[in-house]
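Below is one structure, written out as structure tokens; the observations come after it.
The values are calculated or read from the model by the stated rules, or taken from the named source; none is laboratory data. Because the structure is predicted, anything quoted here is derived from the model rather than measured. With ideal geometry, Cβ positions are generated from the backbone for all residues, glycine too; neighbour counts draw on all protein chains shown. Heavy atoms of the whole protein, side chains included, go into the accessibility calculation; ligands, DNA and RNA do not. Shrake-Rupley method; radii C 1.70, N 1.55, O 1.52, S 1.80 Å.
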Amino acid sequence: MSFPKTEKIWCNGKFIPWDQATIHVLSHVVSYGSAVFEGVRCYETAQGPAIFRLREHMQRLRNSAHIYRMDIPYSLDALCQASLDLVRENKLSACYLRPIVLRGYGDAGVDPQNCPIDVYFACWEWGQYLGEEALRSGVDVCVSSWNRAAPNTLPQMAKAAANYMNSQLIRMEAKANGYSEGIALDVNGYISEGSGENIFVVLNGAIHTPPLANSALPGITRDSVLTLCREMGISVTEQMLPRETLYIADEVFFSGTAAEITPIRSIDRIKVGAGARGPITKRVQDAFFAITSGKVPDRHGWLSPIGVANGVAVR
Ligand SMILES: Cc1ncc(COP(=O)(O)O)c(C=O)c1O
């Protein structure tokens, strides 16, 4: 698949043509993985294009950078504005945004502090991450032979490029064995998350998800699912989950900006529940997509219309 190019990329405060958003091969990030990034979706809603949970994504970007002692020279408001401007500039209605903060060309050694910090925001049209059918029918996944990074190694609360070397191992192994995705355990064998998704398990009508201490990314979709479940009166807990919970669960689903809410129908070729999307997963999907499509009022303020400064409605 070739990249679905758009016209412009936002680079350090200016728009530049897509093809000019290039870096030197000796940029720090290339050898040492020193970048933090985000994945954000803009939805086509009944009221026009709107970015989902923009401020939370930009705050996580700033948090990821802060952990790695990277000073982003833009305020939270400026980063939100750059995202809105980018979508508008590219005349897109529904798209995926990829903000990246990286250590550029400077020193040769590991110490990054003499390398410039460059900020790029790109966007493109991107459909269903795990395939069109996945949202309806669910995906077949495996438990990965690769674990998530141990606590106090690579910080998993940072969405850092280097973490995705581990995600690549998980994803490639899953694909090589005929699965759509892999579920990683943490170093102690407890369920952590997918290579690019958080995970939820439904057991006896209640929903459980691993806490962040099990090396899971603080997913913004995860947070949205927790909120929606509580509103719907579905019991939801963040708790450590042994691997075997996956095999006895009634339903399992992934959450993520790219994967949205994707049902899992089998794990290691063992059917999950009836081997199809379950009723609670469907309820969560319906509640989630009702908001992202603008079909119900945005009661949480999760949507930032692209035509409005900072995504906050000016009254
Ligand atoms: C490793 C990992 N876990 C979880 C998620 C889900 O996070 P979010 O819902 O914020 O996209 C992602 C995607 O960003 C991810 O890459």
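Listed values for the range 161-178 are Karplus-derived 3J(HN,Hα) couplings in whole Hz (6.51 cos²θ - 1.76 cosθ + 1.60, θ = phi - 60°), namely 3, 4, 4, 7, 5, 5, 4, 5, 4, 5, 5, 5, 4, 4, 5, 4, 9, x, and x replaces Gly and Pro. Each residue was assigned an accessible area with a 1.4 Å probe, and for His66 the value is about 140 Å². Qualifying trypsin sites (Lys or Arg not before Pro) in the range 23-121, where qualification requires a DSSP coil assignment and no more than 15 other C-beta atoms within 10 Å, comprise Arg69, Lys91.
In the chain, taking the dipole from charged Cβ atoms about the Cα centre, the farthest positive-side position among Val141, Leu54, Tyr179 is held by Leu54. Along the range 228-240 the Karplus relation, 6.51 cos²θ - 1.76 cosθ + 1.60 evaluated at θ = phi - 60°, assigns HN-Hα couplings of 5, 5, 4, 4, 7, x, 8, 5, 9, 10, 9, 8, 5 Hz to successive residues, with x for each Gly and Pro. Rounded to the nearest whole Hz, the Karplus-based 3J(HN,Hα) values (6.51 cos²θ - 1.76 cosθ + 1.60, θ = phi - 60°) of the range 142-153 follow the sequence 10, 8, 6, 7, 8, 8, 6, 4, 5, x, 6, 10, with x at glycine and proline.
When the Gaussian network model of the chain links Cα atoms closer than 10 Å, the mean-square fluctuations of Asp71, Asp286, Asp111 top out at Asp111. The length gained on full extension between His300 and Ser145, counted as 0.36 nm times the residue separation minus their Cα-Cα distance, comes to 51.9 nm.
The listed residues Met70, Met232, Met157, once ranked by accessible area (1.4 Å probe) with the largest placed first, stand as Met157, Met232, Met70.
Annotation: amide H-H contacts under 5 Å for Gly194 (H modelled 1.01 Å from N, sequence separation of 5 or more, or interchain): Ala184, Ile199.
The slack between Glu244 and Gln168, meaning 0.36 nm per residue of separation minus the straight C-alpha distance, is 25.0 nm.
Computed with a 1.4 Å probe on the full set of protein chains, the accessible area for Leu26 sits at about 110 Å². Axis of helix 279-292 versus longest Cα principal axis of the chain: the two differ by about 20°, to the nearest ten degrees. Solvent-accessible surface of the range 254-293, averaged per residue with a 1.4 angstrom probe and all protein chains in place: 35 square angstrom. Highest mean packing first, where packing is the average number of other Cβ atoms within 10 Å per residue, the peptides 251-262, 129-140, 3-14 line up as 251-262, 129-140, 3-14.
Take every Cα pair under 8 Å in the range 43-199 that's 6+ residues apart, average their separations, divide by the length, and report that relative contact order as a whole percent. Before the final figure, lay out each step's value.
Working: 194 pairs, mean separation 28.2, N = 157.
About 18 percent, as a whole number.
For the range 177-279, the list of trypsin sites (Lys or Arg not before Pro) that fall in a loop by DSSP and count at most 16 other C-beta atoms within 10 angstrom reads Arg243, Arg269. Note: relative contact order over the range 178-315, using C-alpha pairs below 8 Å and six or more positions apart, is 19 percent. Taking 0.36 nm per residue of separation and subtracting the Cα-Cα distance, full extension of the segment from Thr237 to Asn63 would add 60.2 nm. Taking the DSSP bridge list for the chain and keeping only pairs wholly inside it, about 80 percent are antiparallel. Under a Gaussian network description of the chain, with springs only between Cα atoms under 10 Å, the residue in Pro305, Pro155, Pro297 that fluctuates furthest is Pro297.
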